[in-house]
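The values are calculated or read from the model by the stated rules, or taken from the named source; none is laboratory data. Everything numeric in this text was worked out from a predicted model, so none of it was measured. Quick reminder, even Gly has a Cβ in these numbers, built from the backbone with ideal geometry, and neighbours come from all protein chains shown. Calculation scope for accessible area: heavy atoms of the full protein, side chains included, ligands and nucleic acids excluded. Shrake-Rupley method; radii C 1.70, N 1.55, O 1.52, S 1.80 Å.
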Amino acid sequence: MKAKVTRLKVKMVGESVPTNFGGAAGRDIENKLRQQGIPISNLPGPDIPLLNLEVKSRDIDATSAQTVGSMTPADIVATPYRKSVIYEKLQQQYRVKTKDQVIVSAGVYDFSSPYIQEKIEQSYEAARQKIIAGDAHDYVSGGKYGFFERTVDGSRSYQFRFTDGAMNKLESMSNSTFDKFFTFE
């Protein structure tokens, strides 16, 4: 069993970040974490492999879909959800939220609950089956909790994404105490 991280002992709230255009805010947040001794990786998988923790940033006024990670069509076809980099990135996340280029909150969200994972897996696998069947559209729906999308013209890779509403629901579920009192079987 892997350790569950409940928080990082770093100072983030109140710090300024650049615009979120082109991922600048996210890269700056990762650099701030590095400066405070958190070992960030640029390899596939979670950004903080030592803690099995993915780092994500989000402006609270943003409404666009949120990206988890990217995969080529060949990798999607060959990789079921529980063996994918998407699965690894969706266990625990350090989610940093900004407003007007200032960090307003930062916390760990545990998405490893079987209840949450089942919802994400169903959407991933539904979209994956469409790609296996030959769907090569720029947008491949998997359902309420995830879809694959090419976000750059001419890109071969797909990003696995969530609508803003779906991610808000996942965050809410991760903070629920339901599965702390009951066992899923």
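Under the condition of being outside any helix (DSSP H, G or I) and at pLDDT 90 or above, which residue from region 11-27 is most open to solvent (accessible area, probe 1.4 Å)?
Across region 11-27, the extreme among qualifying residues is Lys11.
Among the candidates Ile86, Ile103, Ile60, Ile76, which residue alone is open to solvent by less than 10 Å² (accessible area, probe 1.4 Å) and more than 21 Å from Ser155 (Cβ to Cβ)?
Every option except Ile103 fails the conditions.
Working only within region 67-84, note down all residues that are touching a residue at least 24 places away in the same chain (Cβ under 8 Å) and among the basic types (Lys, Arg).
Arg82
Give the residues of region 48-57 that are assigned to a loop (DSSP other than H, G, I, E, B) and either open to solvent by 90 Å² or more (accessible area, probe 1.4 Å) or modelled with pLDDT of 95 or more (or both), sorted by residue number. Step through it out loud before you land on a result.
Filtering region 48-57 for residues assigned to a loop (DSSP other than H, G, I, E, B) gives 52.
Passing the criteria: none in range.
Kindly check whether there is at least one residue in region 100-112 that is among the polar types (S, T, N, Q) and farther than 25 Å from Ile48 by Cβ.
no
Determine which member of the set Gln66, Gln35 is open to solvent by 70 Å² or more (accessible area, probe 1.4 Å) and of a type in the set (S, T, N, Q).
Gln35
Say we look at region 119-166 and pick out the residues that are β-branched (Val, Ile, Thr) and open to solvent by less than 30 Å² (accessible area, probe 1.4 Å); which of these is farthest from Lys56 (Cα to Cα)?
Ile131
Hey, does region 62-78 have a residue that's modelled with pLDDT under 95 and more than 24 Å from Lys130 (Cα to Cα)?
yes
Scan region 39-47 and tell me whether some residue there is of a type in the set (S, T, N, Q) and either under 22 Å from Met71 (Cα atoms) or surrounded by 12 or more Cβ atoms within 10 Å (Cβ to Cβ) (or both).
Checked region 39-47: at least one residue is of a type in the set (S, T, N, Q) and either under 22 Å from Met71 (Cα atoms) or surrounded by 12 or more Cβ atoms within 10 Å (Cβ to Cβ) (or both).
Being part of a helix (DSSP H, G or I) and either hydrophobic (A, V, I, L, M, F, W, C) or open to solvent by less than 40 Å² (accessible area, probe 1.4 Å) (or both) is the filter; apply it to region 108-118 and report the residue that is nearest to Ile86 (Cα to Cα).
Once the filter is applied, the top-ranked residue is Gln117.
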